[in-house]
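Working notes for the structure below.
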Amino acid sequence: MKLLIPGGAGYIGSHMVRYAQEHGHEVVVLDDFSTGHDWAVRDCEILNVNLLDHYKLSQLLKGRQFDGVIHFAAKSLVGESVKKPAMYYRNNVIGTLNLVNEMLNNDINTLVFSSTAAIFGHPVTDKIAEDHPKNPINPYGQSKLMVENMLQDICLANDFNATCLRYFNAAGAHESGEIGEAHDPETHLIPNILKAALSNESNLKVFGVDYSTPDGTCVRDYVHVSDLAQAHLLGFEYMQKYRGFSAFNLGNGDGFSVFDVIKAAEKVVGKSIKYEISPKRDGDPSVLVADSLRAVSMLGWVPSFKNLASIIKSASNWHKNFEDAKV
Ligand code: UDP
């Protein structure tokens, strides 16, 4: 297939690009490099444009043919979304609308959309399946849910197919150690733990220890970024059989607290990791664990990284390379 990958220079996007290339697909990356990295993509054409620049976007895509689009380009930090909601609605909702508009103009009718567990809000069941109530508690989750709803309507009204993949906590790095998770500032737990381990400083903060969870810290379901990439390609096979709109939750189905993750990382790096307790972050639900049985049965999704240690180990390999390269 020939795939257009908006956001292909970002963390999950760049692993998608690599995975698609490894599976014989041609990739064109579209990115504004606001948070993505040029070192994260290679061997492909790159269109440097922001999705909000509708004119430039339409000029760049005019008359171009793709078998499908995998759309990652978005703002994705919960805390930032609480502080800057307009930025989130503009980038994530209007940006996606501009992209879909150009897809419709150019008869490109198959999309895999990068969605999130944040669309569900506070869980009302132990594990979150696709039909769980959707009550996002922060603008990030709300913006992604708005896009899902918009795509559902667009699929009904047009010859258009969209598969939304709701990631739980993406983590880990490519097995080559060449690409991994590098945000600035870094807000995610596993990279922050590994950075603290490498620097030997106690700059790791644990956000909240009075959640109603067994050890008081938030519980999340960590899923390897290459396993997420696998599900996107399966989404295209699925849409050949089942037209229109669909959605799948992607996680390993096991919940780990912040303290569990720190302990697992200590085993991987072979030393203790210092941290300090900090107040809760705005917009963080206490527990998010996926029920991904639908992805397993309908997409044929078979995640390879089933345990937390293997996910942290892959991230750790990359972090060591990344920090060494800086010196
Ligand atoms: N977290 C933490 N310290 C950090 C980063 C995250 O304690 O430096 C906590 C955060 O409050 C949440 C969990 O770790 O409970 C996972 O956060 P992350 O930002 O990695 O992913 P999110 O669940 O927000 O998508």
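Report P(r) for region 27-181: all Cα-Cα distances, bin width 5 Å, range 0 to the bin holding the largest distance, values in whole percent.
2, 8, 16, 20, 21, 16, 11, 5, 1, 0
With a cut-off of 8 Å between alpha carbons and a minimum separation of six or more residues, what is the relative contact order of region 1-90 in percent? Working shown, then result.
Details: 129 pairs, mean separation 31.5, N = 90.
Here the relative contact order equals 35 percent.
Mind checking the angle between helix 258-269 and the chain's longest principal axis? C-alpha axes, 0 to 90 degrees, to the nearest 10.
Relative to the chain, helix 258-269 is tipped by roughly 80 degrees.
Taking amide H positions as placed in the peptide plane 1.01 Å from N, state which residues far from V206 in sequence (5 or more) or on other chains have amide H under 5 Å from it.
E276, I277, S278
Would you work out which of H132, V296, Y242 lies farthest towards the positive end of the dipole of the chain, given +1 charges on the beta-carbon of Lys and Arg and -1 on that of Asp and Glu, about the Cα centre?
It is H132.
Using alpha carbon centroids, what distance separates region 124-142 and region 53-87, in Å?
Their Cα centres are 23 Å away from one another.
So which residue, out of V223, V82, V147, gets the largest mean-square fluctuation from a GNM of the chain using Cα contacts under 10 Å as springs?
Among V223, V82, V147, the largest mean-square fluctuation in the Gaussian network model of the chain belongs to V82.
Report, by chain and number, residues whose modeled amide H sits under 5 Å from the one on C164, excluding near sequence neighbours (fewer than 5 apart, same chain).
Those lying under 5 Å, H to H, from C164 are F113, S246, A247, F248.
What's the longest uninterrupted piece of the chain once you rule out the GluC sites (Glu not before Pro) that are loop residues per DSSP with at most 15 other Cβ within 10 Å?
After excluding every exposed loop site, the longest remaining stretch is 1-174.
Please give the helix 189-199 orientation as an angle from the longest Cα principal axis of the chain, in degrees from 0 to 90, rounded to the nearest 10.
Value to nearest ten degrees: 50.
Can you tell me which of G95, G251, G235 moves the most in a GNM of the chain? Springs connect C-alpha atoms under 10 Å apart.
Top of the fluctuation ranking is G95.
Modelled label-to-label distance, K195 and K84, 7 Å Cα→beta-carbon offset: nm?
Here the modelled spin labels are 1.7 nm apart.
Suppose every Lys and Arg Cβ carries +1 and every Asp and Glu Cβ carries -1, with no other charges. What dipole size does the chain come out with about its Cα centre, to the nearest 20 debye?
Result for the chain is approximately 300 debye, rounded to the nearest 20.
Suppose a student asked you for the relative contact order of the chain, using Cα pairs under 8 Å spaced at least 6 residues apart; what percent would you report?
19 percent
If the reach is capped at under 14 angstrom between alpha carbons, list the aspartates and glutamates near K320, excluding any in the same chain fewer than eight residues apart.
E175, E178, E181
Which distance in nm do the two modelled labels at S272 and D53 give, with both placed 7 Å along the Cα-to-Cβ direction?
Those two pseudo-labels are separated by 5.2 nm.
Which trypsin sites (Lys or Arg not before Pro) from region 204-244 combine a DSSP loop assignment with at most 15 other Cβ atoms within 10 Å?
In loop regions of region 204-244 (DSSP not H, G, I, E or B), the sparsely surrounded trypsin sites (Lys or Arg not before Pro) are R243.
If eta is 1.567 mPa s and T is 4 °C, what Stokes-Einstein diffusion coefficient results for the chain, Kirkwood Rh from Cα pairs, in µm²/s?
Translational D for this selection: 65 µm²/s.
With n ≥ 4 as the cut-off for DSSP H runs, can you work out [θ] at 222 nm for the chain, using -39500 (n - 2.57) per run divided by the number of residues, rounded to the nearest 500?
The per-residue figure over the chain is -11500 deg cm²/dmol.
For region 173-327, with the dipole built from +1 on Lys and Arg beta-carbon atoms and -1 on Asp and Glu ones, taken about the Cα centre, which of N252, I190, P214 lies farthest toward the positive end?
N252
Over the chain, with a Gaussian network built from C-alpha contacts below 10 Å, which listed residue (V69, V302, V17) shows the highest mean-square fluctuation?
V302
Considering only C-alpha atoms, what is the centroid distance from region 91-118 to region 151-190, in Å?
Cα centroid of region 91-118 versus Cα centroid of region 151-190: 13 Å apart.
Quick one: if the Förster radius is 25 Å, what FRET efficiency do E175 and K2 give, using the C-beta to C-beta distance and rounding to 0.05? Before the final figure, lay out the partial values.
Working: r = 25 Å, r/R0 = 1.01.
After rounding to 0.05, the efficiency reads 0.50.
Taking amide hydrogens as modeled 1.01 Å from N in the peptide plane, which residues meet the under 5 Å criterion relative to I128, leaving out close sequence neighbours?
Sorted by chain and number, the residues that satisfy this are V289, A290, D291.
Going by how many other Cβ atoms sit within 10 Å of their own, how do T110, T125 line up, fewest first?
By the 10 Å Cβ count, ascending, the order reads T125, T110.
Since every read-out is calculated from the coordinates, none of them should be taken as a lab result. If you're wondering where the values come from, they're calculated on a predicted model, not measured in any experiment. With ideal geometry, Cβ positions are generated from the backbone for all residues, glycine too; neighbour counts draw on all protein chains shown.
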